[in-house]
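As structure tokens, the structure follows; a few thoughts come after it.
What follows is calculated from the coordinates using simple rules that are stated; it is not laboratory data. Treat the numbers as computed from the prediction; the structure is a model and nothing was measured. Heads up, the Cβs are rebuilt from the backbone with ideal geometry, glycines too, and the neighbour counts pull from every protein chain shown.
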Amino acid sequence: MEKKPLLQKPKEGESLLNIRNLVMGNIVAVLYHVASAFHAPTLDQYLYKRLSLEVFGNYSGDSVSPANVTCYSNKTSEGYILQEMAQKATTSQQMYFSLVNTAAALVGSLVLGSYSDYFGRKVVFILPAIGDMVRSAMLTAIIHWELDLNWYYIGEVLCGLGSTNSGILLASYAYAADNTPPRKSRTLAIAVIDTTSSIAYAGTSAATGYFIQDMGYFYPSLVSALIMWVLILVVVFFIRESKHSLKKTNKSKVNLTQGIRNVVGLYLFDNTCRVRSLFWLGLMCYFFSQISANAVININTLFMMNLPFCWTPERIGYFTMASTMAKQLLGVPLIKLLHYCIGDEVIGVFSAFTFIVADLLHGFATTDWMMYGYAMAGALSFAAVPVIRAIMSRMAPKDSQGSLFTSLTLADKVGGLMFIPSFAYIYEATVNFMRGFIFLVFAGTHVVAFMLLVLFACLTYKHNRRIEHDDTVTIQDTEWRQPTSQSNLAQSTEM
């Protein structure tokens, strides 16, 4: 006689695995990353072309146009000096665009994220998509009519107010959390979002390289805007609000102050001091793991377009595809394999260490094989950020997933405002004597992340091993928190 039913009734407040919703959420994330794969390299390379033409002016020392990424090897030639000036001008312009976008996104993310747990995920999908669509359309107009580059600030502001890419990611991760049980499947679901999106980004990057090289900049930018429009239609007609995406609160009583309180409550008001300390520690792990992400893409494009690589758009597309595919195709299987023998924290520590190795190899790269070696080393660093997100998601209450991911988004934006200018100035100051020096600086930020993750793993190891065998462990089942109101308690802290 069966003593324990094979299929147990879920406990109240526990999420079930909803494959249909997860698939649709992944489709939205994929569409967004495909659009981004068209937009980002088009902007970087078009910007370098425009500013190179302005810097070179009437210079005719070489038969090849500077816009076609001529690499001047003679450091005493006028062409080499002008090219260095063009790189610095491009870095500065990228920095200004990023700062405007990040400042607007700081406000947009706070407002949008504060209301996401009350008004659902569809709004958090749609508003960022509208902002991105307008930004791509603005770049398309600038390219077609050769407008002043300052018009692009309009697109950056609107995109930022929609919370830019962080808004889409916030909605995607929160939507995954809404539709998965609080076990390792959530780690995998979040990692799958990163994987499918990055594979799409990788394949599109290679196509974009061909597109730019053969047809110029206009059509890739136009395609980006059209894909964002398709994304909006998919969200409107096919995305369903999940069961746990809305707080059971009278929406007429919801205000921004309460929303902000929910975002910071995990760190300042709710739970015991020990749990709040763990949230802060997780936030700092995320902060230092992501701090260089805002700058590395733009700087790396300039790094590859100039000495010693002198890569064309086609070769840049190939490298982006190879590095992204290596990271993502190895990432999810690696997480699944390592889960059989070690916990999330140890996986995060290992990934953070490989971040450091990859940055060091990147900084000293002088040949193509060293760049591809950096890409392979970076593949093993995939798990760090998804693991941090997943751990913090399981620590947070079920009805506060949007608020949690908003706090991570805000940390990302604050880091951008603080360090984007610094990284740009470091690159400008060091490009003359060591182009890869900035990547050594990035390695330093990942050293800090590595040490924080080691501390986090040490503090949580015993707890995680103890609750690993339970299907659902409520806060009341642990010694971590003192009894408080149920609305402020996490449904599960299982790692």
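Odds and ends about this structure:
- In segment 119-206, the convex hull through the Cα atoms has an average projected area of 6.9 nm², a quarter of its surface area.
- For segment 141-156, backbone phi angles converted through the Karplus equation (6.51, -1.76, 1.60; θ = phi - 60°) give residue-by-residue couplings of 5, 4, 5, 5, 9, 6, 6, 4, 4, 5, 4, 5, 4, 4, x, 5 Hz, Gly and Pro being listed as x.
- Each Lys or Arg adds one and each Asp or Glu takes one away; over the other residues whose Cβ falls under 11 Å from the Cβ of residue 209, this sums to -1.
- Residue-count net charge about residue 138 - beta-carbon cut-off 13 Å; Lys, Arg +1, Asp, Glu -1: -2
- In sequence order, calculated HN-Hα J values of segment 45-54 (Karplus, 6.51, -1.76, 1.60; Hz; x Gly/Pro): 6, 5, 4, 5, 5, 4, 6, 5, 4, 5
- Electrostatic tally near residue 307: other residues with Cβ closer than 12 Å to its Cβ, Lys and Arg +1, Asp and Glu -1, net +1.
- Among the trypsin sites (Lys or Arg not before Pro) in segment 131-210, none sits in a DSSP loop with a Cβ that has at most 16 other Cβ atoms within 10 Å.
- Placing dummy labels 7 Å off each Cα toward the beta-carbon, the span from residue 437 to residue 341 is 4.2 nm.
- A straight chain from residue 459 to residue 267 at 0.36 nm per residue would run longer than the Cα-Cα distance by 67.4 nm.
- Equivalent ellipsoid dimensions for segment 258-372 as semi-axes, Å, which come from the Cα gyration tensor, largest first: 36, 19, 13
- Here the Karplus relation 6.51 cos²θ - 1.76 cosθ + 1.60, evaluated at θ = phi - 60°, turns the backbone of segment 24-39 into coupling constants of 5, x, 5, 4, 4, 4, 5, 4, 4, 6, 5, 4, 5, 5, 7, 6 Hz, with x for every Gly and Pro.
- Cα→Cβ-extended label distance, 7 Å offset, between residue 307 and residue 257, nm: 6.1
- Of the peptides 75-84, 99-108, the order by per-residue mean of other Cβ atoms within 10 Å, starting with the highest, comes out as 99-108, 75-84.
- Each 5 Å bin from zero holds the following percent of Cα-Cα pairs in segment 342-466: 2, 10, 15, 18, 19, 15, 10, 6, 3, 1, 0.
- Potential lengthening of the chain between residue 364 and residue 425 amounts to 20.0 nm, from the contour at 0.36 nm per residue minus the alpha-carbon distance.
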